[in-house]
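Undergrad: First, the structure itself, so that you have it in front of you.
Only the coordinates and a few stated rules stand behind these numbers; no lab work does. Fair warning: this is a prediction, and the values are worked out from it, not measured in the lab. Please note: Cβ atoms are built from the backbone with ideal geometry, for glycine as well, and neighbour counts cover all protein chains shown.
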Amino acid sequence: MKIKINENFKNIKENYLFSDINKRVKAYKSTHPDADIIRLGIGDVTLPLPKIVVDEMAKASIEMGAKETFKGYPPEYGYDFLREMVVDYYKRNKVTLDLEDVFISDGAKSDIGNIVDILGDNDIYIPNPVYPVYVDSNLMSGRKVYYIEGNEKNKFLPMPDGLDCKPKVIYLCSPNNPTGATYSYDELVKWVEYAYESGSLIIFDSAYEAFITDGSPRSIYQIPMAKHVAIEISSLSKMAGFTGIRCGFTIIPKELTVGDTSINALWKRRCATKFNGVSYPVQRAAYVALSPEGVEESKKNLAIYKKNTEMLCELFDKKGIWYSGGKNSPYIWMRCPNGMKSFEFFDYLLDKANIVGTPGVGFGECGEGYFRLTSFASNEDTKKAVERLNKLL
Ligand code: MLT
């Protein structure tokens, strides 16, 4: 062929981080077929969906098989019943949204990747280490990415101090993936004030908000003026176990404008052209999952994951190993022992303890020497992993 391809793809790594990890584990498994591998790598949930969610999805599927209740294309922005429930969910967290601010998606990852469609050639500022989708999606579209360094000194919570006052697009994730670190109210105030003063946009990923237990903000909109500077992208994946169902939501308040242009209107236009919505049974499932009753049900699963983080944190506290996260997050971000590099520790752990984690450097250069463990395995497997780690570290 003689067509031109998107040359920007040459600027990203050949494999997506988690595909690369899977490849390495598969290779290990082929030479060690009897290894009892415990997976604390990718942040994928393992507990089944709450019964009320499954019942609702089944009921909605049956409706699709009857002439009177069959539904064709869903609305591009989501059914109003679900958008209203999202508004109600935020209200329970003391945030007032308008129905028109809410867009239903097939998960946070898609919208994080797609949001670049409506933005021009801005300078992109991304904390490092970070969820690879922010960086890759901007590099794929030829944007210039600058990193804001996360380190032990700033507790992997970089702040705007030292940034120039030019307008930029800033990605923030709190509780953070991969470090589990969570911005406090005062820290987010500083980010919102910085964005307001510099004319910048914050893209705030709140996919892990349901794990917050210490009163830290669960939405950027808890901060005054945030509706003028921030888009929030969230997901039911981790809070309600929807990784295999696919549903999330993006909030674009009408207050977000560039001159006379409404960002909300641009996103509406983009969705109408490129998205045919999320299936009806999934939206019904999401509706129930976000209802007060559904949230209570999901909390039972979150408590099981939380027990896992507690077991791991207890071990690292006992061993004096530095880590962040674990408290408001399903992730624990640990310093690799004995000055090991991230991939060195990955191989060591896989070989000596048959435990899979995620090398910190896979989330960016500032993650070198660190390692991420998740709490999404069963309590039994995590207990086994803790026993193996106790012997090894
Ligand atoms: C992770 O392990 O970082 C997550 O599973 C990524 C995701 O949510 O897409």
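Undergrad: Give me the aspartates and glutamates in straight-line cross-link reach of LYS319: C-alpha distance below 13 Å, same-chain residues under 8 apart excluded.
TA: GLU387
Undergrad: When all alpha-carbon pairs of segment 51-293 are counted, what percent fall beyond 26 Å?
TA: Value for segment 51-293 (Cα pairs over 26 Å): 37 percent.
Undergrad: Something else now. Taking neighbour Cβ counts within 10 Å as the exposure measure, how do GLU368, GLU209 sort from fewest upward?
TA: In increasing order of surrounding Cβ atoms, one gets GLU368, GLU209.
Undergrad: Under a straight-distance cross-link criterion of Cα-Cα below 18 Å, which lysines are reachable from LYS29, leaving out those fewer than 8 residues away in the same chain?
TA: Qualifying lysines at Cα under 18 Å: LYS352.
Undergrad: From the cross-link list LYS51/LYS318; LYS71/LYS306; LYS59/LYS299; LYS26/LYS153; LYS300/LYS391, which pairs have alpha carbons spaced over 28 Å apart?
TA: Listed pairs above 28 Å: LYS51/LYS318; LYS71/LYS306; LYS26/LYS153; LYS300/LYS391.
Undergrad: Is it possible to state the helix-based mean residue ellipticity at 222 nm for the chain, with each DSSP H run of 4+ residues giving -39500 (n - 2.57), the sum divided by total residues, to the nearest 500 deg cm²/dmol? What is it? Walk me through the intermediate numbers first.
TA: Values: 12 runs with 152 residues, N = 393.
Using -39500 (n - 2.57) per qualifying helix, the result is -12000 deg cm²/dmol.
Undergrad: Further question on the same structure: Would you mind working out the magnitude of the charge dipole of the chain relative to its Cα centre, with +1 at each Lys and Arg C-beta and -1 at each Asp and Glu C-beta, to the nearest 20 Debye?
TA: For the chain, the charge dipole is close to 840 debye.
Undergrad: List the lysines whose Cα sits under 19 Å from the Cα of LYS10, skipping any in the same chain fewer than 8 residues away.
TA: LYS2, LYS144
Undergrad: Ranked highest first by the average count of other Cβ atoms within 10 Å around their residues, in what order do 50-58, 219-227, 26-34 fall? Walk me through the intermediate numbers first.
TA: On the way: 50-58: 17.8, 219-227: 20.4, 26-34: 9.9.
By packing density, highest mean first, the sequence is 219-227, 50-58, 26-34.
Undergrad: According to a simple spin-label model (label point 7 Å from Cα along Cα-to-Cβ), what is the distance in nm between LYS67 and THR31?
TA: A separation of 6.4 nm, rounded to one decimal place.
Undergrad: Further question on the same structure: Residues with amide H under 5 Å of ILE148's amide H, sequence separation 5 or more or different chain, H placed in the peptide plane at 1.01 Å from N; which?
TA: Under 5 Å from the amide H of ILE148 lie the amide H atoms of ILE126, ASN128, each far enough along the sequence or on another chain.
Undergrad: Which ³J(HN,Hα) values in Hz, rounded to whole numbers, follow from the phi angles of segment 341-350 under the Karplus curve 6.51 cos²θ - 1.76 cosθ + 1.60, where θ = phi - 60° and Gly and Pro get x?
TA: Once rounded to whole Hz, the list reads 7, 4, 6, 4, 5, 4, 5, 4, 5, 5.
Undergrad: Follow-up question, since we're still on this one. Across segment 195-339, how large is the tail of the calculated P(r) beyond 19 Å, expressed as a percent of all Cα pairs?
TA: Values: 6701 of 10440 pairs.
Percent of Cα pairs beyond 19 Å in segment 195-339: 64.
Undergrad: How much length would be gained if the chain were fully extended between THR257 and GLU293, taking 0.36 nm per residue of separation minus their Cα-Cα distance, in nm to one decimal?
TA: Numbers: separation 36, 0.36 × 36 = 12.96 nm, distance 3.60 nm.
In short, 9.4 nm is gained.
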